[in-house]
Structure formats: C-alpha cells, structure tokens
Amino acid sequence: MSDQKRENDGMMKGSEIVINCLKRQGVDTVFAYPGGAAIDLHQALIDSGIRVILPRHEQGGAFAAGGYARVSGRVGVCMATSGPGATNLLTGIADCFSDSIPTVFITGQVGASLIGKNAFQEIDIIGMTRPIVKHSYLVLDIRELPRIVKEAFMVAQDGRPGPVLIDLPKNIQQQQCVPEFNTHISIPYKPKPMAKAEDIEAIRQAIRSAKKPCIYFGGGIISSGASEELRKFVESYNIPAVCTLMGVGALPFSHPLFLRWLGMHGATYANYAANECDLLLTFGARFDDRVTGNPQTFATGATIVHVDIDNSEINKNKRADIGVRADILDVLKELNKEPIHKDYTEWLAQVHKWQEMFPLDFEPRADIIQPQRVVERLFELTDGNAVIVPGVGQHQMFSAQFYKFRYPRQLLTSGGLGSMGFGLPAAMGAKVACPEKMVINIDGDGSFQMNIQELGTIHMEEINVKMVILNNQHLGMVAQWEDHFYGGRRGNTVLRDPLMERPYPDFVTIARGYGIPGREVYNLEDLDSALREMLDTPGPFLLDVHTGYEEHVLPMIPAGKDYKCTISRHSKK
C-alpha cells in the first residue's frame, strides 16, 4: 500500500503511531540509538519534528534522558534497540528509579512470534527491568499503542515519579491500523493523596510542643514544586532546616535558617541539628543510610514527623510518630495558612554555635590546585547561576559542598544509585532541555572515562556543555576509604601509568579529536585564566585540572556510624 493511500485511509504503522503519541505528549526531544529492532521507530522520527539526539552509547542516552528530566521536570524519553541495546539502558533506568526521575524508555524487541525462542538480539527486558521501573508494557496489539503511551507518561509523572518501560516487538512497529488517539487509559486514575485535617493538626500540635525543632527535607520538595512554600514555612515558623543531597537547591545556601545538607559528607552542624532536635519534620525525604548511618541511633530524642507521597517510605527505615501520606506541596500550603510563632532563641543560638565550631571549609594551600578551590572559583565566576552536573566520587561531594546553590534543579546528581559515568551525558541532556542555562559537568578522571564517548554527541549536536575534570589520577573516593579503613593499601584505585611522565590519559588531546577545544591546568596561578577561557569560549570546552591526590572529602561519618563519630579537621575542637 502506498504512503499516500495509507494517509488517505488514516492507516498508520505502529512505529508512526508511537511517534505521533509522543508528539501528543509534548515530547520535543528523544535520545535514541538505532538498531535492527528499532529501525522503524527511527524512520518514523525522520520527519516528525522531534529532535533526535544520537548518543554514542545507550547508557549515555539513558543518563541524558534522566538529565533532561532532572533539570526541566518534564518526562525524558530514551529509545534503544533489542538485546544489547536494551541491556545497555539498565544502569540509566536504575538511576532514574533510585532518584524518582520521570522517564519513558522505549525498546525495540524481536517479532512477537520469536519471543522466548532465543532469537538474535532477543532479551527479556521486561523481566530484567521489573525491579527498577514503576511499570512496564510488552505491546502485543497495535491498537493498544495510544493507550499504552498515554498511560506510560501518566505513570512516570504521577505520585512519586519514576521510569516506565515500553517494549515494542518489530512486527507491531510494522503493522498498520487506523489509530484511536482519544482512547481512555485503563489504569484507574488516583488523585494525589491529600493530607487530612487531623494530620495537619497533629503536625501543628507537635510544633507547639517542641523547643528544638528541625526540618529535614529531600528531593520530594523539588519534585512537587514546593520550594517556595518550604521557604515560607521556614521563615514564618522560624525553624532551621537541613536537606538531603537530592534536596539541594530547594533553599538557597545563603538562607540564614538553612544548614545545608547532612549525612556522611554533609555539614557537621547540619548533622548535629538533625540529631539533637526534639522534633524532626521530615518532608519528602526517605531516611536513607547515607543520611542516618545506623537508623537506630539517628535523632533518638526527636518526635518524628514524616510526610511523603509514597506510603511505602513511611516507617520503612525510621519509625515515624506521625506519618502522613500526602503531597508535601499541599501540606505546606495548609501549614502556611496559620504559622505558629514561637521563640527558639536558645535553640538557634546552639545551632549557630555548632556552625562556628564545625565550619564547612578547607585549609587553602598555595602549592597545589585543591578541588575545593576550583569549585569555589566556579561559583564566583558564574555568579552562582550555573547548573552543576557532577559524576560520582570525591568531586561530586566537593561540588555539593562548595558551590553555593541558589535554586531548585541546579545540582543534578546521581544520589541513590551513585553511578559513575553519570556526569557527562546527564549534563548533555540538561543542556538540551535548558539551552539558555550555563551547564557545567564537574567530573573525576575515573568517572569521566566511563562515558567519554559522549564527546562525539556533544560535538555533532553542538551542545554547549562545559567540562571540568578534577584529575587526581585515582578512584578518589575508594582511595579515601582505603586511607581511613584499610591502612592506605591500594587495591586497584590508582589510574596513572607509572611508566609515563605525564598524567594519563591526555584528555585535552582526546577532546580535540572529537572537535572540542580544551586546556590543561597544573599551577594555581593559571586556574582563573583557564576557568575564564572555558566560560568565555563559545560552544563546549574541556578543562583538565590536575589537582593531585592530597585532599579527602571531609567531614566524613563512617558507614553505619552516627554523627558523634565524624572524621573532620575540627574533630578535636
């Protein structure tokens, strides 16, 4: 049948229906790598008006879709072919699941008649991803496509966000039908949970009874768009606040009542406030182990209020005295209607004393480039306005500690999964979503190499990402653990080549091979000019900053321990 006759009859291929459905969902960009079982999808994309970003590896595409969603709040979309194309998505899907990022992943699959027969590039991607998605679909009826795509986007965004998978056999992509785009979804729509009046009153009563309250908030504040209501609550109730790594940016670091983030590498004074308060108001956070250490010894003297949209999180890691399943935005709006004004002078004075005793700082040196100083100078030279996308490791913690974040969705980081290789492709996705923002990937030499091939995507798609490698020639965070807990014995954590005079590899030469300019920095006196050159150069730029391996991320609470076991420069004070 000719394309003209199909069009006149309203007939469409399954692949065309999928792309049409994406457009109806407002999708403007997909990160997609072709293959035999996905070729029809890519043919349908050619004249669709949707921008297709071709990553150089499916994992890069998955992280990029996550970065797109993290910075924008919109659903990120990624496509891959069957078999190895699909399995290469697994880490990126798991990353989105761990951090509650709304994404839709579409995989090609062998024809339905071949499923279960070990056909070429067949894999049970539904079974493999079941623990790391909110929902998944194996499409066996072309007429179901409009409903399935519509449901997938609803599920990805509804309640606690997360990834959804659609597995699309090749025969379904090639079949034809007259689609019914106005189909109704079959999953019962569940309105977002609302706090009951008695829940709001219980929280109010807990605040009335408290003398040392502390707010502990997480990524749920950002997901729900509740940052402004949180600021109003903090200021009108005059209660100090700490956050998780995923909550960074919901309150500006400069806010006088904000104590920054807590946990293993968080501010010591934030850990003291959360642990020694008598009321812990937990908003959109999940008491993860990097925050609590041993949950049995976390905030033992506090009444625990836990508000979360996901009921499974309440009482999972830490028993709540008042557990409320609700959207935190609605809860804060209710609480902000009638603020409770109390005098916390003594409590706030104690918090301020902890801030003076345990400042989050470092000892400046003139003989080397310290990674903390690089991040500080980036903050100053960008006026605190850049979106920061680190990889995972020491550089991730330094970025979160020393860039003074000002607004939500400004720090994009692999928090729950902690996946190396995240930074470069996630920054790429973030820049595509928000081209008007300055996006800087701060990475380590180990993490950067895990998806270094995305330099090719950045060049070909003209994605203006700035890249700063804090190069210490080590797998720095693991080496730090070796220093503290394994007598400094190196178990495959050194990345340098002992036979080479210069650091290995030559990142600037690699970047130039991809058509991207770059510069190396070895001396502190050259740092500022190099940073300015990177920021002022049109298009992407790679800056390889040789920091050496001297600095540890401090403070540090050993795994499973509590805040009283903090390792810090100020521990003996």
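All of the numbers you see were taken from the coordinates with simple rules; none came from a lab. Not measured: the values here are computed from a predicted model. Ideal geometry is used to build each Cβ from the backbone, glycine not excepted, and the neighbour counts take in all protein chains shown.
Computed from the C-beta positions of Arg496 and Glu356 and an R0 of 35 Å, the FRET efficiency is 0.30 to the nearest 0.05.
Farthest toward the positive end of the dipole of the chain, out of Gly35, Gly263, Cys78, is the Cα of Gly263, where the dipole comes from beta carbon charges about the Cα centre. Adding -39500 (n - 2.57) for every DSSP H run of four residues or longer, then dividing by how many residues the chain holds, sets the calculated 222 nm ellipticity at -10500 deg cm²/dmol.
Go through region 312-357 and name the trypsin sites (Lys or Arg not before Pro) that are in a DSSP coil and have 16 or fewer other Cβ atoms within 10 Å of their Cβ.
Here the trypsin sites (Lys or Arg not before Pro) that fit, given the DSSP loop and packing criteria, are Lys316, Arg319, Lys342.
Spin-label pair Ala366-Tyr189: with each label point 7 Å from Cα along the Cα-Cβ axis, the two points sit 6.7 nm from one another. In this simple spin-label model, placing a label point 7 Å from the Cα along the Cα-to-Cβ direction at both Lys404 and Asp383 gives a separation of 1.5 nm. Sorted ascending by nearby beta carbons within 10 Å, beginning with the fewest, Asp544, Asp330, Asp367 become Asp367, Asp330, Asp544. Spatially, region 335-364 and region 527-573 are offset by 25 Å when compared through their Cα centroids. Phi angles of region 262-278 translate, via the Karplus equation with coefficients 6.51, -1.76, 1.60 and θ = phi - 60°, into HN-Hα couplings of 10, x, 3, 10, x, 4, 4, 5, 5, 5, 4, 4, 5, 7, 10, 6, 9 Hz per residue; Gly and Pro are given as x.
Net charge within 13 Å of Arg51 by Cβ-Cβ distance, Lys/Arg positive one each and Asp/Glu negative one each, not counting Arg51 itself? Intermediate values should be presented prior to the final figure.
Values: positive: Lys23, Lys431; negative: Asp28, Asp47, Glu461, Glu462.
Within the 13 Å Cβ shell, the charges total -2.
If a/c stays under 1.5 just call it rounded; otherwise compare a/b with b/c (prolate if a/b is bigger, oblate if not). Do that for region 197-357, with a ≥ b ≥ c from the square roots of the Cα gyration tensor eigenvalues. Verdict is rounded for region 197-357. For region 371-546, the relative contact order comes to 20 percent (Cα pairs under 8 Å, sequence separation of at least 6). Distance between the modelled labels on Asp526 and Asn171, one decimal in nanometres: 6.3 nm (7 Å Cα→Cβ projection). Over the chain, all Cα pairs binned in 10 Å intervals from 0 give whole-percent P(r) values of 3, 17, 26, 24, 18, 9, 2, 0, 0, listed from short to long. The trypsin sites (Lys or Arg not before Pro) of region 195-291 meeting both criteria, a DSSP state outside H, G, I, E and B (loop) and at most 15 other C-beta atoms within 10 angstrom of the site's C-beta, are Lys196, Lys211. For region 83-152, the set of chymotrypsin sites (Phe, Trp or Tyr not before Pro) satisfying both a DSSP loop assignment and a count of at most 15 other C-beta atoms within 10 Å is given as Phe120. If R0 is 25 Å, the Cβ-Cβ spacing of Asn182 and Asp141 corresponds to a FRET efficiency of close to 0.90. Share of antiparallel DSSP beta bridges in the chain, in percent to the nearest 5? Roughly 5 percent of the beta bridges in the chain run antiparallel, per DSSP.
Annotation for region 62-129 versus region 279-296: alpha-carbon center distance of 31 Å.
Taking each of Lys232/Lys353; Lys211/Lys353; Lys431/Lys561; Lys23/Lys170 in turn, the alpha-carbon distance tops 27 angstrom for Lys431/Lys561. Each part gets one Cα centre, and for region 183-240 versus region 371-433 those centres are 27 Å apart.
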